[in-house]
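Worksheet: the structure to be examined is printed underneath.
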Amino acid sequence: MSNENSIPSATLSRLATLYQALLDARSRDVECLNSAQIGALIGIPAAQVRKDLSSLGEGGVPGVGYRVTDLILGIARCLKIDKKRRFALVGAGRLGQALASYTGLAKMNFELVMAFDNDPAKIGKHAGDALIEPVAEMPARLKQEGIKVIVLTVPASAAQATADAAISGGARWVLNFTPAILQVPRNCIVRDVSFTNEFAVLAHYMEEG
Ligand code: NAD
């Protein structure tokens, strides 16, 4: 799927980081912040803050700065997290269970509503609030519930087949925690997530001192 007209993903990542920092600021009753203060919250220069915020049409007021509540709404609209989205978990093992029980996803308006596994011992139990259902029924169940987002936490060897099955059930957006490189149709988007790779990057920087 082409992203030619959309905001660069690096900007979207910064906006997501900023969004969380602003929620935190609001919980501390902070009403206004200037670009330098916002930059300090997430460790980026003030000029970058102004550039990012202007890309979503938010201009600060001279001498006052940006209103925190306005920014939160503006960023939520830009990231499209201003409405609830439901997703399914595929693979209710160690990582899947950890993700399912993480309450912080609600901040981004994502709700886990179904989970699938192929282990008979897990079926009928729960991952977070979601009932674990047989993966063989996944395509039909996704279609039935209109779920188009999946989080993939199966072993790498099962990743492509389970992604294919989910896509046949109408899934189009995949958060892929497995190390598998997935082949998907052009109308689908896969985001690969690896905190294990981050350890390798960290090791590289450690050697540099
Ligand atoms: P796990 O073995 O605890 O969980 C895997 C689950 O998938 C199990 O519940 C298993 O029954 C289920 N499963 C197996 N085959 C299936 C299939 N065909 N259909 C449906 N369910 C199936 O493993 P884990 O430690 O939770 O790791 C899960 C995945 O996440 C692995 O691919 C692992 O490499 C990856 N992982 C990624 C990161 C990261 O940084 N991205 C970190 C840890 C693990």
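The values are calculated or read from the model by the stated rules, or taken from the named source; none is laboratory data. Predicted model, so just to flag it, every value in this text is computed and none were measured. Here the Cβ positions follow ideal geometry from the backbone for every residue, glycine too, while neighbour counts run over all protein chains shown.
On the given criteria, is Leu99 within 16 Å of the ligand (Cβ to nearest atom) and free of Cβ contacts under 8 Å to residues at least 40 places away in the same chain? Here the answer is no, as Leu99 does not meet what is asked. Among the residues of segment 57-75, is there at least one that is in contact (Cβ under 8 Å) with a residue 60 or more places away in the chain, of a type in the set (Val, Ile, Thr) and closer than 18 Å to Ala16 by Cβ? Scanning segment 57-75, I find at least one residue that is in contact (Cβ under 8 Å) with a residue 60 or more places away in the chain, of a type in the set (Val, Ile, Thr) and closer than 18 Å to Ala16 by Cβ, so the answer is yes. Of the residues Gly57, Gly96, the single one that is closer than 30 Å to Val190 by Cβ, not acidic (Asp, Glu) and not in a helix (DSSP H, G or I) is Gly57.
Would you check if there is a residue in segment 182-194 being farther than 18 Å from Gly96 by Cα and of a type in the set (Asp, Glu)? Among the residues of segment 182-194, not one is farther than 18 Å from Gly96 by Cα and of a type in the set (Asp, Glu), which makes the answer no.
Here Gly93 passes the criteria (1) within 16 Å of the ligand (Cβ to nearest atom); (2) without any contact (Cβ under 8 Å) to a residue 60 or more places away in the chain; (3) touching a Lys or Arg at 6+ places or on another chain (Cβ under 9 Å) except the one numbered (2).
Screening segment 82-99 for residues that are among the aliphatic types (A, V, I, L, M) and touching a strand residue (DSSP E or B) at 6+ places or on another chain (Cβ under 8 Å) and picking the one that is surrounded by the fewest Cβ atoms within 10 Å (Cβ to Cβ) gives Leu99. Considering segment 170-201, and only residues there that are touching a Lys or Arg at 6+ places or on another chain (Cβ under 7 Å) and assigned to a loop (DSSP other than H, G, I, E, B), the residue that is farthest from the ligand (Cβ to nearest atom) turns out to be Asn187. Of the strands (runs of 3 or more DSSP E) lying entirely inside segment 106-169, those containing at least 2 residues that are more than 9 Å from the ligand (Cβ to nearest atom), under 20 Å from Asp192 (Cα atoms) and at pLDDT 95 or above span 110-117, 149-152. Within segment 100-135, the set of residues being surrounded by fewer than 19 Cβ atoms within 10 Å (Cβ to Cβ) and under 17 Å from the mean Cα position of the chain (by Cα) comprises Ser101, Tyr102, Thr103, Gly104, Leu105, Ala106, Lys107, Met108, Asn109, Phe110, Glu111, Val113.
Scanning segment 179-194 for residues that are in contact (Cβ under 8 Å) with a residue 40 or more places away in the chain and either surrounded by 20 or more Cβ atoms within 10 Å (Cβ to Cβ) or hydrophobic (A, V, I, L, M, F, W, C) (or both) gives Cys188, Ile189.
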